[in-house]
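Student: Have a look at this one.
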Amino acid sequence: MDTIWTKTSKLPAFSPLAQSVRAEVAVIGGGMAGILTAFFLKRAGKDVIVLEGNRVGSGQTAGTTAKITISHNLIYEKLFREAGEEKARKYVSANKRALKMYGRLIQEEQIDCDFRECSSYLYSLTDAEQIKREVEAAVRLGIEAEFTTKTELPFSVMGSICYQKQAAFHPLLFLKALAEQLVIYEHTKVTGVEEGKIYTDHGNVLADAVVFASHYPIMNTPGYYFARMHQERSYVLALKQAQPFEHLYLGVDPGEDFSFRNFREFTLFGGEGHRTGENETGGQYKKLERRAKEYWRDCETIDRWSAQDCMTLDAIPYIGLYTGKNKKWYVETGFGKWGMTSSMAAALMITEQICQKESGNAAVFSPQRVPIRALKAAAVEGAKSAKGLAAPGGIRCPHLGCKLTWNPEEETWDCPCHGSRFDKEGNLIDNPAVRNAAVEGK
Ligand SMILES: Cc1cc2nc3c(=O)[nH]c(=O)nc-3n(C[C@H](O)[C@H](O)[C@H](O)COP(=O)(O)OP(=O)(O)OC[C@H]3O[C@@H](n4cnc5c(N)ncnc54)[C@H](O)[C@@H]3O)c2cc1C
């Protein structure tokens, strides 16, 4: 995936695995989550390797807008209501710690990655009351947040929440500095994992512990993540001559949930999201460009890309043991488009768990939790999968056999059930599938 980040950084190349190896910990995936986890495990004295199927940072991390923030949509009022105050406090604590750790790490490691402190805003064009409720919940949880109608946006808002002391950076320059310190095997795709043994297309790895940081977990059983997650894509334009935003913005109204931030002289303008595989009409970039022109008549698109992320049933990531029965497999997934802070939170918690240290906030993120209030979301996932499986003919996804849909915007075959994606020849782009799709049956 080519993005403004890949075009303004050059990461070192790492050789594929050449022979079978052993390690204390093997991390599958060299995105933000995997690299941070390997980095902290190494700092803790572990012998750790990273197995990356493509290149470091080439997954969804290359497509992020890289806001480092705890303003995760309207989450705090929902957490209070659905999970209770104690769990909400733990969620805040894990994310505050992650936000702080970015600043600390960048200073300690002297990483030159366009890191800057700024505020992050969530805004609504129609409903000030929901914003006020969110401010109230955030403040009760000890977050520095305030209601305001003053923003830098090119339109007026009914209300917005300002979260102070958040940040933004260049994700790949940051990853580069950490990756240079690690043992990484690129172009080494994991095809299966058994107790203590990892199979790749370049040989096997024996490891005491395995961390699945492959964005979407690649093993269907145990874990059954396919039954409790889906993926959503969204689109980003990098614009010249738009507007020099100092702060970060995200809309919360459906259909008006646009994202704004600046990187150097460019404005990153994002939106037009949808469930992966549900884009049979296309036109997302055009719609975004039309909207950009309404805001900034003279703006010019210099780059555009899209990416996707995993959405859990209750909007809290799955971080912890892959399954209750296996104490050697760990997982970091379901970041809900907040994978900068969530990756850091995951890396810190999983390192503590592997090193058998107390990890105070772990229970909130445990993949073994049963989110009773999210049963409706679970039923939606079940129905989507049943529909994808029952649909006759067409090209089938090698993951679980759902019928793929054609995505005209990106000329890819996308799975509406679990979000695997393939190019027009059927070559795998995004997991959970680990094999190419057979397109002859079209
Ligand atoms: C448009 C958009 C904007 C976003 N903006 C923000 C933002 O501003 N702030 C924020 O906090 N979050 C944001 N996010 C979310 C964030 O970008 C992601 O949550 C995060 O990058 C995910 O990181 P990751 O390491 O889990 O996944 P990835 O970066 O995808 O890394 C996973 C890696 O695993 C590798 N892999 C996969 N399968 C295998 C296999 N079988 N064997 C070996 N390797 C494998 C892949 O090649 C990949 O490199 C955004 C998301 C989107 C879609």
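Student: For the residues D309, D127, what sequence is obtained by ranking on other C-beta atoms within 10 Å, fewest first?
Tutor: Least to most surrounded, the residues fall as D127, D309.
Student: Can I ask one more? What whole-number value in cubic angstrom gives the convex hull volume per residue for the C-alpha atoms of the stretch 374-425? All intermediate terms of the calculation are to be shown ahead of the outcome.
Tutor: On the way: hull volume 4.2 nm³, N = 52.
Expressed per residue, the convex hull around the Cα atoms of the stretch 374-425 is 80 Å³.
Student: To the nearest 20 debye, what is the magnitude of the charge dipole of the chain about its Cα centre, counting +1 on the Cβ of each Lys and Arg and -1 on the Cβ of each Asp and Glu? Intermediate results must be reported in sequence, preceding the final value.
Tutor: Numbers: 55 positive and 54 negative charges, 150 e Å.
That gives a dipole near 720 debye.
Student: May I ask you to list the trypsin sites (Lys or Arg not before Pro) in the stretch 134-173 that are in a DSSP loop and have at most 11 other Cβ atoms within 10 Å of their Cβ?
Tutor: On the way: sites: R140, K150, K165; in loops: K150.
Here the trypsin sites (Lys or Arg not before Pro) that fit, given the DSSP loop and packing criteria, are K150.
Student: Viscosity 1.306 mPa s, temperature 10 °C: give me the Stokes-Einstein translational D for the chain in µm²/s, with Rh taken as the Kirkwood radius over C-alpha pairs.
Tutor: On the way: Rh = 22.1 Å.
Diffusion coefficient, whole number: 72 µm²/s.
Student: With the cut-off at 22 Å, tell me which of the pairs K78/K384; K90/K165; K100/K176; K87/K357; K403/K424 have Cα atoms farther apart than that.
Tutor: Numbers: K78/K384 24 Å; K90/K165 19 Å; K100/K176 20 Å; K87/K357 20 Å; K403/K424 15 Å.
Over 22 Å apart, Cα to Cα: K78/K384.
Student: Under 15 Å Cα to Cα from K387, which aspartates and glutamates show up? Leave out anything in the same chain fewer than 8 places away.
Tutor: Here the aspartates and glutamates satisfying the reach criterion relative to K387 are E278, D414.
Student: Something else: Using a Gaussian network model of the chain whose springs link C-alpha atoms within less than 10 Å, name the residue from E180, E52, E289 with the highest mean-square fluctuation.
Tutor: Between E180, E52, E289, it is E180 that shows the largest mean-square fluctuation.
Student: For the chain, give me every cysteine whose Cβ has no other Cys Cβ within less than 4.7 Å, ordered by residue number.
Tutor: Unpaired cysteines in the chain: C113, C118, C162, C299, C310, C355.
Student: What ratio of Cα Rg to 2.2 N^0.38 Å holds for the stretch 262-311?
Tutor: Details: Rg = 12.4 Å, N = 50, 2.2 N^0.38 = 9.7 Å.
Here the answer is 1.28, to two decimals.
Student: Mean-square fluctuation check for the chain, GNM, Cα pairs under 10 Å: which of Q164, Q241, Q368 is largest?
Tutor: Looking only at Q164, Q241, Q368, the largest GNM fluctuation is found for Q241.
Student: Which value, in debye to the nearest 20, describes the size of the charge dipole of the stretch 184-264 about its Cα centre when Lys and Arg Cβ atoms bear +1, Asp and Glu Cβ atoms bear -1, and nothing else is charged? Working shown, then result.
Tutor: Numbers: 7 positive and 10 negative charges, 50 e Å.
Computed about the Cα centre, the dipole is about 240 debye.
Student: Still on this model: Taking the beta-carbon count within 10 Å as an exposure proxy, list T3, T301 from fewest neighbours to most.
Tutor: Values: T3 22, T301 16.
Placing the least packed residue first, the sequence is T301, T3.
Student: Further, regarding this structure: Once you keep just the Cα pairs under 8 angstrom separated by 6 or more residues, what percentage relative contact order results for the stretch 346-442?
Tutor: Numbers: 128 pairs, mean separation 16.9, N = 97.
With pairs under 8 Å counted, the relative contact order is 17 percent.
Student: Moving on. If you average 1/r over all unlike Cα pairs in the stretch 215-340 and invert the result, what Kirkwood radius do you get in angstrom?
Tutor: Working: mean 1/r = 0.0610 Å⁻¹.
About 16.4 Å, per the Kirkwood formula over Cα pairs.
Student: Can you give me the C-alpha center-to-center distance between the stretch 153-195 and the stretch 79-145, rounded to a whole angstrom?
Tutor: Measuring centre to centre over Cα atoms gives 16 Å.
Student: From the mean inverse distance of alpha carbon pairs (Kirkwood) and the Cα radius of gyration, derive Rg over Rh for the stretch 344-393.
Tutor: On the way: Rg = 17.1 Å, Rh = 13.7 Å.
We get a ratio of 1.25 for the stretch 344-393.
Student: Could you check which residue among A242, A390, A362 shows the biggest mean-square fluctuation in a GNM of the chain with a 10 Å Cα cutoff?
Tutor: Its mean-square fluctuation being the largest, the pick is A390.
Student: List the residues, sorted by chain then number, that are 5 or more residues from Q243 or on another chain and whose placed amide H is less than 5 Å from its amide H.
Tutor: T267
Student: Loop-only trypsin sites (Lys or Arg not before Pro) in the stretch 204-293, please: DSSP not H, G, I, E or B, and at most 14 other Cβ atoms within 10 Å. Walk me through the numbers before you get to the answer.
Tutor: On the way: sites: R228, R233, K240, R261, R264, R275, K286, K287, R290, R291, K293; in loops: R228, R264.
Filter output for the stretch 204-293: R264.
Student: Return the aspartates and glutamates within reach of K189: Cα separation strictly under 15 angstrom, same-chain partners fewer than 8 residues apart disregarded; answer none if there are no such residues.
Tutor: Straight-line reach from K189, under 15 Å: E52, D201, D430.
Student: Would the stretch 289-442 count as rounded, prolate or oblate if I go by the C-alpha gyration tensor, calling it rounded below 1.5 in a/c and otherwise prolate when a/b exceeds b/c, oblate otherwise?
Tutor: oblate
Student: Taking the Cα centroid of the stretch 1-51 and of the stretch 336-375, what is the distance between the two, rounded to the nearest whole Å?
Tutor: First find each Cα centre; the distance between them is then 20 Å.
Student: Given Cα pairs under 8 Å that are at least 6 residues apart, what percent is the relative contact order of the chain? If you can, show how the numbers build up before the last one.
Tutor: Values: 1000 pairs, mean separation 82.7, N = 442.
Across the chain, relative contact order equals 19 percent.
Student: On full extension of the chain, what length is gained from D2 through N427, given 0.36 nm per residue of separation minus the C-alpha to C-alpha distance?
Tutor: Numbers: separation 425, 0.36 × 425 = 153.00 nm, distance 1.73 nm.
Roughly 151.3 nm would be gained on extension.
Student: To continue, here is another question. Under 20 Å Cα-Cα from K7, which aspartates and glutamates qualify once same-chain neighbours fewer than 8 residues away are excluded?
Tutor: Candidates past the 8-residue exclusion: D112, D114, E180, E186, E265, E300, D303, E410.
Student: Can you work out the FRET efficiency for the pair N73 and K197, with r the C-beta to C-beta distance and R0 = 41 Å, to the nearest 0.05? Let's see the in-between values first.
Tutor: On the way: r = 39 Å, r/R0 = 0.96.
It comes to 0.55.
Student: In the stretch 331-362, which GluC sites (Glu not before Pro) fall in coil by DSSP and have 10 or fewer other Cβ atoms within 10 Å? Don't skip to the answer; put the middle values down first.
Tutor: Numbers: sites: E332, E352, E358; in loops: E358.
Of the GluC sites (Glu not before Pro), the ones in loops of the stretch 331-362 whose Cβ has at most 10 other Cβ atoms within 10 Å are E358.
Student: Sticking with this structure for a sec: Based on DSSP, what percent of beta bridges with both residues in the chain are antiparallel, to the nearest 5? Can you show the working numbers first?
Tutor: Details: 62 of 84 bridges.
Bridges in the chain are about 75 percent antiparallel.
Student: Label points 7 Å out from Cα along the Cβ direction at A386 and K240: separation in nm?
Tutor: Between A386 and K240, the label points sit 5.3 nm apart.
Values quoted throughout were computed directly from the atomic coordinates according to the rules given, and no laboratory measurement underlies them. For clarity, every value in this text was computed on a predicted model and none was experimentally measured. No Cβ is skipped: glycine too gets one built from the backbone with ideal geometry, and neighbour counts run over all protein chains shown.
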